[in-house]
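Chemist: Encoded as structure tokens, here's the structure I'll be asking about.
The values are calculated or read from the model by the stated rules, or taken from the named source; none is laboratory data. Owing to the predicted nature of the structure, the values given are computational and were not obtained by experimental measurement. We place every Cβ from the backbone using ideal geometry, glycine too, and count neighbours over all the protein chains shown. Side chains included, ligands, DNA and RNA excluded: accessible areas come from the protein's heavy atoms. Shrake-Rupley method; radii C 1.70, N 1.55, O 1.52, S 1.80 Å.
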Amino acid sequence: MKTAFVTGITGQDGSYLAELLLFKGYKVVAMKRRTSLISTDRVNHLMENENFHMVYGNLNDSGCLHRLLLEHKPDEIYNLAAQSHVRVSFETPEETTEFVAMGTLRLLEAFRNTCPEARFYQASSSEMFGDNPENPQNETTRLTPASPYACAKVYAHNLCRNYRESYGLHISSGILFNHESPRRGETFVTRKITLAAARIKLGLQDKLYLGNLDAKRDWGFAGDYVEAMWLMLQQDTPDDYVIATGETHSVKEFLDAVFEHAGLDVNEHVEISERLFRPHEVPLLLGDPSKAEQAMGWKPKVKFSGLAKMMYESDLELAGKESV
Ligand code: NAP
Ligand code: GDD
């Protein structure tokens, strides 16, 4: 039985990845940080699985990371933990950099010193392309990060390449474009829209405040994207891969798709708030996933309108419980 060590287990991707790994017969050692409120909603359904082991740890604690890897000797390490909200990274740049950049460095050092035969996945991001107008973006597109979050991800991304080349370690970085799901955090724009639409539909809310509706993103489904993470670590040679759908849509298009599906009028319920704009926007992300398809046979299954409907329907069910 293979052992996988996963950071960021309580997040959206951590929960889908853990499901996939358990299905494939792995023992999953899942690292969570201590929080004052219980934060395991996304993985509560896995707690009874005898191959799922939750352990406490934090990316800012080198000794703890070293001890955990020494104790569990994983075959695969998936580094998903991060302060992952771009706008928040302008408000907490130091914390974001500490976890995203220095946290990755600490985990790489623990990996190199305790289980160098393992394979390592790094959660890199399309946000690293920032305001570079070239598109579609692929593995060789210039990185021009436009937020403290993206700057920290570029550092981590470069560090992973450096450790791979310097020490011959099996490290692959997935440059993942935006991926969403019913488990997406409620402050990211897709989920904010689907949850608000569901609550408006049921009379629990009247207004939805949004920022820049013109930004365009390449949105896919998180369940498809964790398969790509796993596939990267099954390749003989480590490498970096863009994971995307190859389609881009504006926030306005996502909003319209959801409101139309819900039978709601955008003009009646949606207002623009300057407060929600960012100091520096990333105007357009559009990925070219052809390398991942050619090398690993990976293709996204869920498309834009299916994703919008899936998320709205799930939130309608959730909001329905609120209104009982
Ligand atoms: P998410 O839902 O925000 O989850 C982030 C996870 O990291 C949570 O489990 C969080 O724990 C944990 N975490 C934060 N700081 C930590 C620390 N210091 N020590 C230990 N754990 C910590 O993010 P996601 O959407 O699943 O994304 C997973 C990874 O992919 C992130 O690195 C993100 O930056 C990257 N990424 C995401 C996307 C996307 O569109 N989703 C695209 C490209 C890259 P708590 O529950 O305690 O907060
Ligand atoms: N969050 C949010 N809230 N975004 C809004 C809002 C709002 O009310 N109104 C408009 N937007 C716009 C943002 O300005 C941005 O252009 C776009 O919606 C998407 O914002 P988010 O959903 O917050 O995602 P993101 O693209 O900034 O970052 C996500 O994707 C990255 C990959 O490209 C995160 O998951 C990052 O962790 C990830 O790396």
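Chemist: How many percent of the alpha carbon pairs in segment 111-172 exceed a separation of 13 Å? Don't skip to the end; give the middle numbers.
Modeler: On the way: 1192 of 1891 pairs.
Value for segment 111-172: 63 percent of Cα pairs lie more than 13 Å apart.
Chemist: Can you list the GluC sites (Glu not before Pro) in segment 167-238 that are in a DSSP coil and have 14 or fewer other beta carbons within 10 angstrom? Don't skip to the end; give the middle numbers.
Modeler: Working: sites: 180, 186, 227; in loops: 186.
Qualifying residues, ordered by number: 186.
Chemist: While we're here: Are there trypsin sites (Lys or Arg not before Pro) in segment 106-196 that DSSP puts in a loop and that have at most 14 other Cβ atoms within 10 Å, and which ones? Could the numbers behind the result be given before it?
Modeler: Numbers: sites: 106, 112, 119, 142, 153, 161, 164, 183, 184, 191, 192; in loops: 142, 183, 184.
Listed in order of number, the matching sites are 142.
Chemist: Additional query: Work out the charge dipole of the chain with +1 on the Cβ of Lys and Arg and -1 on the Cβ of Asp and Glu about the Cα centre, then indicate which of 141, 70, 219 is farthest towards its positive end.
Modeler: Most positive-ward Cα: 70.
Chemist: Okay, moving on. Above 33 Å lies some portion of the pair distances; for the chain, what is it as a whole percent of all C-alpha pairs? Each step should come with its number before you reach the end.
Modeler: Numbers: 12501 of 52326 pairs.
Cα-Cα pairs of the chain separated by over 33 Å account for 24 percent.
Chemist: Could you tell me which of 25, 35, 11 has its Cα farthest along the dipole of segment 1-127 towards the positive end, charges placed at Cβ (Lys, Arg +1; Asp, Glu -1), taken about the Cα centre?
Modeler: 25
Chemist: Between Rg and the Kirkwood Rh of segment 99-255, both from Cα atoms, what is the Rg to Rh ratio? Could the numbers behind the result be given before it?
Modeler: Values: Rg = 17.8 Å, Rh = 17.2 Å.
Radius of gyration relative to Kirkwood radius: 1.03.
Chemist: Let me ask something else. Over 30 Å between Cα atoms: which of 27/301; 32/201; 153/252; 24/309; 153/207 fall into that group? The partial results should precede the final answer.
Modeler: Details: 27/301 27 Å; 32/201 35 Å; 153/252 27 Å; 24/309 28 Å; 153/207 34 Å.
Violating the 30 Å limit, Cα to Cα: 32/201; 153/207.
Chemist: Name the residues whose placed amide hydrogens come within less than 5 Å of the amide hydrogen of residue 242, ignoring near sequence neighbours (fewer than 5 apart) on the same chain.
Modeler: It is 139, 175, 292, by chain and number.
Chemist: Using a 1.4 angstrom probe on heavy atoms only, work out the carbon and sulfur share of the accessible area of the chain in %.
Modeler: On the way: 6910 of 14190 Å².
Ligands and nucleic acids excluded, carbon and sulfur reach 49 percent.
Chemist: To continue, here is another question. Using the Cα centre as the reference, give the magnitude of the dipole from point charges on the C-beta atoms of the chain (Lys, Arg: +1; Asp, Glu: -1; all else neutral), rounded to the nearest 20 debye. Write down the numbers at each step before the final one.
Modeler: On the way: 35 positive and 45 negative charges, 131 e Å.
Magnitude of the dipole: close to 620 debye.
Chemist: Right, here's the next one. Calculate for the chain the 222 nm mean residue ellipticity that helices alone would give, adding -39,500 (n - 2.57) per DSSP H run of length 4 or more and normalising by residue count, nearest 500 deg cm²/dmol.
Modeler: On the way: 12 runs with 135 residues, N = 324.
Calculated mean residue ellipticity at 222 nm is -12500 deg cm²/dmol.
Chemist: Additional query: Charges at C-beta only: +1 for Lys and Arg, -1 for Asp and Glu. How large is the resulting dipole of segment 38-151 about its Cα centre, in Debye rounded to 20?
Modeler: On the way: 8 positive and 17 negative charges, 35 e Å.
Charge dipole of segment 38-151: 160 debye, to the nearest 20.
Chemist: Compute the FRET efficiency between residue 273 and residue 131 as 1/(1 + (r/R0)^6), taking r as their Cβ-Cβ distance and R0 = 22 Å, and round to the nearest 0.05.
Modeler: Working: r = 22 Å, r/R0 = 1.02.
That pair, residue 273 with residue 131, gives E of 0.45.
Chemist: What list of ³J(HN,Hα) values in whole Hz, one per residue of segment 51-56 in order, does the Karplus curve 6.51 cos²θ - 1.76 cosθ + 1.60 (θ = phi - 60°) give from phi, with Gly and Pro shown as x?
Modeler: With coefficients 6.51, -1.76 and 1.60, one gets 8, 9, 10, 8, 10, 7 Hz.
Chemist: Whose amide H sits under 5 Å from the amide H of residue 124, counting only residues 5 or more places off or on another chain, with H placed in the peptide plane?
Modeler: Here 174, 176 satisfy the definition.
Chemist: Kindly report the accessible area of segment 153-198 per residue (heavy atoms of protein chains, probe 1.4 Å, no ligands, DNA or RNA), in Å². Walk me through the intermediate numbers first.
Modeler: On the way: 1470 Å² over 46 residues.
Ligands and nucleic acids excluded, the result is 32 Å² per residue.
Chemist: Between residue 280 and residue 61, what length in nm is gained on full extension when 0.36 nm per residue of separation is reduced by their alpha carbon distance? Spell out each step's value before the answer.
Modeler: Details: separation 219, 0.36 × 219 = 78.84 nm, distance 3.13 nm.
Going from the current span to full extension adds 75.7 nm.
Chemist: Between segment 138-214 and segment 103-135, how many Å separate their Cα centres?
Modeler: First find each Cα centre; the distance between them is then 15 Å.
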